[in-house]
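Encoded as structure tokens, the structure appears first; notes follow it.
Quick note: the coordinates plus some simple rules give every number you see, no bench work behind them. Being a predicted model, the structure only gives us computed values, none of them experimental. Using ideal geometry, Cβ is built from the backbone for each residue, glycine included, and neighbour counts are taken over all protein chains shown.
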């Protein structure tokens, strides 16, 4: 009997040791709080493990719970966590045969900041309690600070996982993905670069992307449309007098949502399910009507908060983040769109973004020759963005369209 007990005890000890070794190999022996869970493995739904070593080894796998809500009012400037500049990354992107790809650039300063494997998209398979807790340390749109877990997580669990890359090289092409990013700047009115824009493999547009009547200057092709729920709905109402009646809806278009506010997480379930929005500022709206029949979950993407925070932290970190209104400061939607293109294209040409001579033109190209000026909202650092676009252009990372005196004209000929 004693020999049998010793044999069984030996089996138990060996089995326990194997379990511990297996758990260590899988990176599961982590802090239960999960507030600083940074690896992509933590995003795949693995449980946390507590070790209780009080004479005998006991192991207990526990389910994490959401951390208490963190409030913006607790900070008088952007808080700096020890994991502020750490981001989820995915498998390497598609291999490129494009010699001219920006991924092959030798610019050391850009390469140091640029993360080619950065996780771009948020979806139901890469969000769990551990990720919620980490992202709850960051204000919107960079995380879930002040959000209620039970209010937002059900929406997150409906976001479809992308089934294909955002963009692929065109068949019969040179192996490169050539992209144009088109903003709404008045510099485009009278530019006659519409054909040049449409000649790119893919065209990104953002916000109020009116093309009808302006094809000669801005083109008419849209491959990727980037928006928030607010920009999608408000652009139609604000630009209706200019002839804008719907967001771009080219056949096969890809839609990319920036999860800017709680409104976007109220918009998402209704969009995915094809229902009305039950509450909030978009109550009783039918989201799918704004996509003109082109919404398809296989062509719908939601930008990940890590991507948004990375753009701010590494390229557009405004001095306004040290002020008491830090929580409203973020890059423009156009800036997020430009960096999305840098991560999904080999070459990027940029049109309609702010340049040094922006005061010569109207604020938006739809205003034609009206002498309107840029409104400098405190939530966007337009001057920082302008200098960043110039920096990227001078380093040949992007090609920024800039009007010269010879290109300028005061009145469009009709």
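When a footprinting reagent is the concern and you count Cβ atoms within 10 Å, what order do 262, 69 take, fewest first?
69, 262
For the pair residue 107/residue 196, report the inter-label distance in nm, with labels modelled 7 Å from Cα in the Cβ direction.
Reported label-point gap for residue 107 and residue 196 is 1.9 nm.
Under the 0.36 nm per residue contour assumption, what length would be gained going from the current alpha-carbon distance of residue 404 and residue 377 to full extension?
Using 0.36 nm per residue and subtracting the Cα-Cα distance, I get 7.0 nm.
Which of 110, 315 comes first, and how do the rest follow, when ranked by fewest Cβ neighbours within 10 Å?
110, 315
I'd like the distance separating the alpha-carbon centroids of segment 355-401 and segment 131-199, in whole Å.
Comparing the Cα centres of segment 355-401 and segment 131-199, I get a distance of 20 Å.
Multiply the residue separation of residue 251 and residue 220 by 0.36 nm, subtract the distance between their alpha-carbon atoms, and state the gained length in nm to one decimal.
9.9 nm
For the pair residue 83 and residue 394, what calculated FRET efficiency results from E = 1/(1 + (r/R0)^6), where r is the Cβ-Cβ distance and R0 = 35 Å, to the nearest 0.05? Don't skip to the end; give the middle numbers.
Numbers: r = 33 Å, r/R0 = 0.93.
Efficiency computed from Cβ-Cβ geometry: 0.60.
I want to check the label-to-label distance for residue 369 and residue 286. Put each point 7 Å from Cα in the C-beta direction and report it in nm to one decimal.
Rounded to a tenth, the inter-label distance reads 4.3 nm.
Using the count of nearby Cβ atoms within 10 Å as a rough guide to exposure, how do 354, 153 rank from fewest to most?
153, 354
How much length is gained on full extension from residue 387 to residue 75, taking 0.36 nm per residue of separation minus their Cα-Cα distance?
109.5 nm
Mind ordering 296-302, 391-397, 361-367 by average Cβ neighbours within 10 Å, highest first?
361-367, 296-302, 391-397
Can you give me the P(r) profile for segment 73-400? Cα pairs, bins 10 angstrom wide beginning at 0, each as a whole percent.
Per 10 Å bin, starting at zero, the Cα-Cα P(r) for segment 73-400 comes out as 5, 26, 36, 26, 6, 0 percent.
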